[in-house]
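Colleague: Take a look at this one; I'll ask things after.
Coordinate-derived values only; no laboratory data. No experiment lies behind these values; they were computed from the predicted model shown. Heads up, the Cβs are rebuilt from the backbone with ideal geometry, glycines too, and the neighbour counts pull from every protein chain shown.
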Amino acid sequence: MKLLDILAYLPTIETERLLLRKITLNDANDMFEYASDPEVSEYTTWSTHTSIEDSKFFLKTLVKMYKRRELVDWGIVHKTEKKFIGTCGFVEWRMTHSRAEIGYALSRKYWGEGYMSEAVSAVIDFGFREMQLNKIQARCEVNNIASARVMEKVGMQLEGVLRQQLFVKGRYWDLKTYSILREEFFDNIL
Ligand SMILES: CC(C)(COP(=O)(O)OP(=O)(O)OC[C@H]1O[C@@H](n2cnc3c(N)ncnc32)[C@H](O)[C@@H]1OP(=O)(O)O)[C@@H](O)C(=O)NCCC(=O)NCCS
């Protein structure tokens, strides 16, 4: 698939339990349900949504980015419950270097059941096979144990800690940075 096609028509990805599909303005209620939970936003760079308007604004920004062909981010839909339960995709992308960074968030109701590892594995597969990436990164605040564990479970390696890398929510954050290389991904599946 050509890169411009991916940006123009983000394909839906199906996994065993999830559908990864384009995010829409209709997802506001489901997004607000989890994004208004302070435990979900504890280690995200975005703040807890305090009203449905926050979720609508967030979604409008994403939809504008799709239109400008700048976004490769999926909404995560629970197949049997037919519910939008989070997002997962490439939050930063440097084509010159064939490198991109994954970001994600999931409704707390669904934590600890392997859903995000399932979604991230599918996104990594897509990144290497369809986007021809060479390196996929992910970063998390050093105390975000669940997120670091997802990175390990999908085969990423810890590169190190970026000290006081971000100033978010009134303090400097140290970030663990993980990555997987194209050669590692294909070596592991052959
Ligand atoms: C991070 C997040 C996406 C993980 O989603 P998830 O679907 O629960 O992840 P998975 O079930 O695939 O894997 C989580 C792993 O972390 C482990 N884990 C979670 N909390 C843990 C803790 N406090 N101590 C040790 N392990 C922990 C789980 O046991 C599981 O590992 P296992 O399968 O080896 O047992 C979810 O917690 C989330 O949305 N958090 C809020 C948003 C966020 O932090 N996003 C990432 C920003 S970098």
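Colleague: Select from Leu166, Leu175, Leu71 the residue whose mean-square fluctuation is largest in a Gaussian network model of the chain (Cα-Cα springs shorter than 10 Å).
Modeller: Evaluated over the chain, the most mobile residue of the options is Leu166.
Colleague: Continuing with the same structure: State the extension gain, in nm to one decimal, for the chain segment bounded by Thr24 and Thr50, taking 0.36 nm per residue of separation less the distance between their alpha-carbons.
Modeller: Here the answer is 7.4 nm.
Colleague: Run the simple label-point estimate for Arg108 and Glu130 please: 7 Å along Cα→C-beta, distance reported in nm.
Modeller: Between Arg108 and Glu130, the simple spin-label model gives 3.3 nm.
Colleague: Ok, one more. Kindly rank 49-61, 104-116 from highest to lowest mean number of other beta carbons found within 10 Å of each residue.
Modeller: The peptides rank, most packed first, as 104-116, 49-61.
Colleague: Same structure again: Rounded to the nearest Å, what's the spacing between the alpha carbon centres of the range 121-190 and the range 1-68? Just the number, please.
Modeller: 20 Å
Colleague: Just how large is the dipole of the chain about the Cα centre, in debye to the nearest 20, putting +1 at every Lys and Arg Cβ and -1 at every Asp and Glu Cβ?
Modeller: 500 debye
Colleague: Compute log10 of I(q)/I(0) for the range 3-189 with the Debye formula, placing one identical point scatterer on every Cα and leaving out solvent, at q = 0.14, 0.17, 0.19 Å⁻¹, to two decimals.
Modeller: -0.78, -1.21, -1.52
Colleague: Compute the length gained on full extension between Arg149 and Glu16: take 0.36 nm times their separation in residues and subtract their Cα-Cα distance, giving the result in nm to one decimal.
Modeller: 45.8 nm
Colleague: A further question follows. Can you name the helices of the chain, as whole DSSP H runs, whose Cα span along the helix axis is 20 Å or more and whose Kyte-Doolittle mean is not below 0.5?
Modeller: 115-129
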